[in-house]
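Have a look at the structure below, then the notes.
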Amino acid sequence: MIWNESRECMSRDEMMTMQGKRLAKQVNNVYHNVEFYRKKMQQLGIEPGDITRIEDISKLPYTTKDDLRDNYPFGLLAVPQSQIVRVHASSGTTGKATVVSYTRKDIEVWSECVTRELVMCGLGIDDVIQVAYGYGLFTGGLGLHYGAENLGCTTVPMSTGNTKRLVTMMEDFGATAIACTPSYLLHIGEVIEEMNALDRIKLKVAICGAEPWTETMRLQIEEKLHIHAHDIYGLSEICGPGVAADCIYHKGLHVQEDHYYPEIVSPDTLNPIADGEVGELVFTTLTKEGMPLIRYRTKDLTSIDRTPCECGRTLPRISRFKGRTDDMLIIRGVNVFPSQVEAALLEMGEVTPHYLMIVDRVNNLDTLEVQVEVEERFFSDEVKELENLTKKISAVLQSALQIAVKVKLVEPRSLERSMGKAVRVIDKRKLV
Amino acid sequence: MYVKQLSVFIENREGRMEKVTETLAKNNINIVCISLADTSEYGMLRMIVSDPEEGKRVLKEEGFSAMLTDVVGVKLPHYFGALNKLTREMSALGLNIEYMYAFTSGGDNASIIIKSSDNVKALDAVKNAGLSLVVPEEAYSL
Ligand SMILES: [Zn+2]
């Protein structure tokens, strides 16, 4: 089923015409109501009248996370604060939080997008969904919650915390869907196993996001829990989860581009990049009232495919994320993404998806240690076998990353399980 | 015929060994004998205990990787060359010894636990050497 066929299946021409009109209106809006954008446009010698078609977007200035911090907390509002009905914030690892404000209509548009995506994942009014993202300043919990209620699902605001209780309720309520981070779903899977509950639960769909995960991990989750797992993408600066999600064909995540216009640009030159090639994802919020953003640089690396999808939607698809420009580690001059480690480990099929990368500097030389849990299936009581396994894992990682990797086997369940975003990297070099 | 050995993977960090022994003690499981193979990163603890199945269950409940392995227990009389007789028979049958460790059973006999490349052939070697096996019930109740 398709929730909003007239938008989700619109022809490209119609879509671009609509986007052009919306962009012109939004640019006019920010020029007159947001000092930050007026100044930026004046510096570049652009006037609102210069923007009439969607192609004109390349004339506009970029916005970065630093711009949001500099205008903390309400400096980028395009409406009087009396029209703001909600505020979310993401805790910055450095400095101030990033604050985002929503009008009533912004919340409605956001919920509409999440609803479209839940329908895309096969959900309907008969479904019971447990929302196991954190509720609070983080957009995950409330974002999924409003979208699920808007669709008409029976919505259970679990939040995060007591995983045994979550599994008990999953069974008792006959929950058919869950929304949480992929790493938390892995942990929930372990608890389901511990409680021997797999045969008693009715779970069929998981909607996971808020952290990058690999296709292999998605397939492993599907197989282990006998469900369909979908990827949902979003960032609080744009709205939260709901910016994009993948349909049952899993060939990229459909972007809700009638509201959030995507561009892919080179992170170095900021020039546009051709469809299919990897670059930094940039969004313009075409319809947002509270805090509209023009060409916001997400730091997420992906590529875009604008060809129609087998599901019937014409919404373009962004590929599974290669990583974030700021997740990228440079180890001995080589670019390394945690997602590469995850993909390599999972393809071996012998280790759990729980791993921890420890980057350090010893005698001025970068070192990478990867800790992996010894899983039941391949555990041997012969040291020889475990040594062979260690060697095999380091060879696989070495060929995937092109740098030397020290592998350390650790006890099962000894790496920390996270209910939100998992910690996959400890970079000790930063501490010195 | 075979003795079930309880093996546990432990990281070389403080308190892990203690946690294993504490878990077994709390559940009234007696450790008959113990051997530790260690590397710089982790250790492999191999034990004969009074109730191997229960031992595995309680350790797994505590989050350890634990498994049961069939090993051969052999009684070694205190005379010169008893062990040599056994290893000679084993090598005659083309067996590799993966690991072995000794335990005393009180009285005149010492015993050893052997894990070889082929458990079935190992029984033949014991017979050929004229030695007798430690039967499981005997091992668990020592
Ligand atoms: Zn599709």
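The values are calculated or read from the model by the stated rules, or taken from the named source; none is laboratory data. All of these numbers come straight from a predicted model, not from anything done at the bench. Cβ atoms come from the backbone with ideal geometry, glycine included; neighbour counts cover every protein chain shown.
Run down A:Leu346, A:Leu368 and say which single residue is more than 14 Å from chain B (Cβ to nearest Cβ), surrounded by 20 or more Cβ atoms within 10 Å (Cβ to Cβ), among the hydrophobic types (A, V, I, L, M, F, W, C) and without any contact (Cβ under 8 Å) to a residue 40 or more places away in the chain. Let's see the steps before the verdict.
Working: A:Leu346 fails: without any contact (Cβ under 8 Å) to a residue 40 or more places away in the chain.
Only one candidate passes the filter, namely A:Leu368.
Output the residues belonging to segment A:306-336 that are surrounded by 15 or more Cβ atoms within 10 Å (Cβ to Cβ) and outside any loop (DSSP other than H, G, I, E, B).
Residues satisfying the conditions are A:Arg317, A:Ile318, A:Gly323, A:Arg324, A:Leu329, A:Ile331, A:Val336.
Every residue, every condition in (1) of a type in the set (Phe, Trp, Tyr); (2) under 17 Å from the mean Cα position of the chain (by Cα); (3) under 13 Å from A:Leu203 (Cβ atoms), yes or no:
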{"site": "A:Ala148", "(1), (2), (3)": "no, no, no"}
{"site": "A:Cys153", "(1), (2), (3)": "no, no, no"}
{"site": "A:Gly174", "(1), (2), (3)": "no, no, yes"}
{"site": "A:Ala177", "(1), (2), (3)": "no, no, yes"}
{"site": "A:Cys180", "(1), (2), (3)": "no, yes, yes"}
{"site": "A:Leu185", "(1), (2), (3)": "no, yes, yes"}
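How many of the residues making up segment A:276-296 are part of a loop (DSSP other than H, G, I, E, B) and either touching a Phe, Trp or Tyr at 6+ places or on another chain (Cβ under 6 Å) or of a type in the set (A, V, I, L, M, F, W, C) (or both)?
7
Report the residue count in segment A:388-398 for those that are exposed (fewer than 14 other Cβ atoms within 10 Å of the Cβ) and without any contact (Cβ under 8 Å) to a residue 24 or more places away in the chain.
Count: 3.
Taking the options A:Ala197, A:Ala210, A:Ala229, name whichever one is crowded, with 23+ Cβ neighbours inside 10 Å and over 14 Å from A:Val114 (Cβ atoms).
A:Ala229
What pairs can you find where one residue is in segment A:194-205 and closer than 18 Å to A:Asp127 by Cα and at pLDDT 95 or above, the other is hydroxyl-bearing (Ser, Thr, Tyr) and surrounded by 14 or more Cβ atoms within 10 Å (Cβ to Cβ), and their Cβ atoms are less than 7 Å apart, with a gap of 6+ or different chains?
Once the first residue is closer than 18 Å to A:Asp127 by Cα and at pLDDT 95 or above and sits in segment A:194-205, its partners that are hydroxyl-bearing (Ser, Thr, Tyr) and surrounded by 14 or more Cβ atoms within 10 Å (Cβ to Cβ) give A:Lys202/A:Thr176; A:Leu203/A:Thr176; A:Lys204/A:Thr176; A:Val205/A:Thr176.
Within the bounds of segment A:291-304, is there any residue that is modelled with pLDDT of 95 or more, farther than 23 Å from A:Lys25 by Cβ and either surrounded by 15 or more Cβ atoms within 10 Å (Cβ to Cβ) or in the same structural domain as A:Lys21 (by TED's automatic domain parsing) (or both)?
yes
Of the conditions (1) over 24 Å from A:Trp110 (Cβ atoms); (2) out of contact with any Pro (no Cβ under 6 Å at 6 or more places or on another chain); (3) more than 16 Å from the ligand (Cβ to nearest atom), A:Thr307 fails just one. Which one is it?
Here A:Thr307 meets the rest and fails (3).
Would segment B:93-104 turn up any residue that is of a type in the set (D, E, K, R), within 30 Å of B:Thr23 (Cβ to Cβ), surrounded by fewer than 17 Cβ atoms within 10 Å (Cβ to Cβ) and at pLDDT 90 or above?
Within segment B:93-104 (the criterion being of a type in the set (D, E, K, R), within 30 Å of B:Thr23 (Cβ to Cβ), surrounded by fewer than 17 Cβ atoms within 10 Å (Cβ to Cβ) and at pLDDT 90 or above), the answer is yes, since at least one residue qualifies.
Is it the case that B:Glu41 is touching a helix residue (DSSP H, G or I) at 6+ places or on another chain (Cβ under 6 Å), within 13 Å of another protein chain (Cβ to nearest Cβ), touching a residue at least 24 places away in the same chain (Cβ under 8 Å) and farther than 30 Å from B:Ala129 by Cα?
Considered against the rule, which asks whether it is touching a helix residue (DSSP H, G or I) at 6+ places or on another chain (Cβ under 6 Å), within 13 Å of another protein chain (Cβ to nearest Cβ), touching a residue at least 24 places away in the same chain (Cβ under 8 Å) and farther than 30 Å from B:Ala129 by Cα, B:Glu41 comes out as no.
In segment A:389-432, which residues are part of a strand (DSSP E or B), within 14 Å of chain B (Cβ to nearest Cβ) and more than 20 Å from B:Gly63 (Cβ to Cβ)? Give the derivation first.
Step one: filter segment A:389-432 for residues part of a strand (DSSP E or B), giving A:406-410, A:425-427.
Pick out the ones that are also within 14 Å of chain B (Cβ to nearest Cβ) and you get A:406-410.
A:Lys406, A:Val407 - these are the residues of segment A:389-432 that are part of a strand (DSSP E or B), within 14 Å of chain B (Cβ to nearest Cβ) and more than 20 Å from B:Gly63 (Cβ to Cβ).
Could you list, in sequence order, the residues of segment A:373-388 that are under 33 Å from the mean Cα position of the chain (by Cα) and part of a loop (DSSP other than H, G, I, E, B)?
Answer for segment A:373-388, where residues must be under 33 Å from the mean Cα position of the chain (by Cα) and part of a loop (DSSP other than H, G, I, E, B): A:Val374, A:Glu375.
Which strands (runs of 3 or more DSSP E) does segment A:27-141 wholly contain that include 2 or more residues that are assigned by TED's automatic domain parsing to the domain that holds A:Pro272 and over 14 Å from A:Pro292 (Cα atoms)?
Because the criterion is at least 2 residues that are assigned by TED's automatic domain parsing to the domain that holds A:Pro272 and over 14 Å from A:Pro292 (Cα atoms), the strands (runs of 3 or more DSSP E) in segment A:27-141 that meet it are A:84-90, A:128-131.
Looking only at segment B:7-38, which residues are assigned to a strand (DSSP E or B) and more than 9 Å from every other protein chain (Cβ to nearest Cβ)?
Applying the first criterion (assigned to a strand (DSSP E or B)) to segment B:7-38 yields B:7-11, B:31-38.
Correct list: B:Ile31, B:Val32, B:Cys33, B:Ile34, B:Ser35, B:Leu36.
Could you check, for segment B:110-119, whether at least one of its residues is over 13 Å from the mean Cα position of the chain (by Cα), within 24 Å of B:Leu6 (Cβ to Cβ) and surrounded by fewer than 16 Cβ atoms within 10 Å (Cβ to Cβ)?
Yes, the conditions are met somewhere in segment B:110-119.
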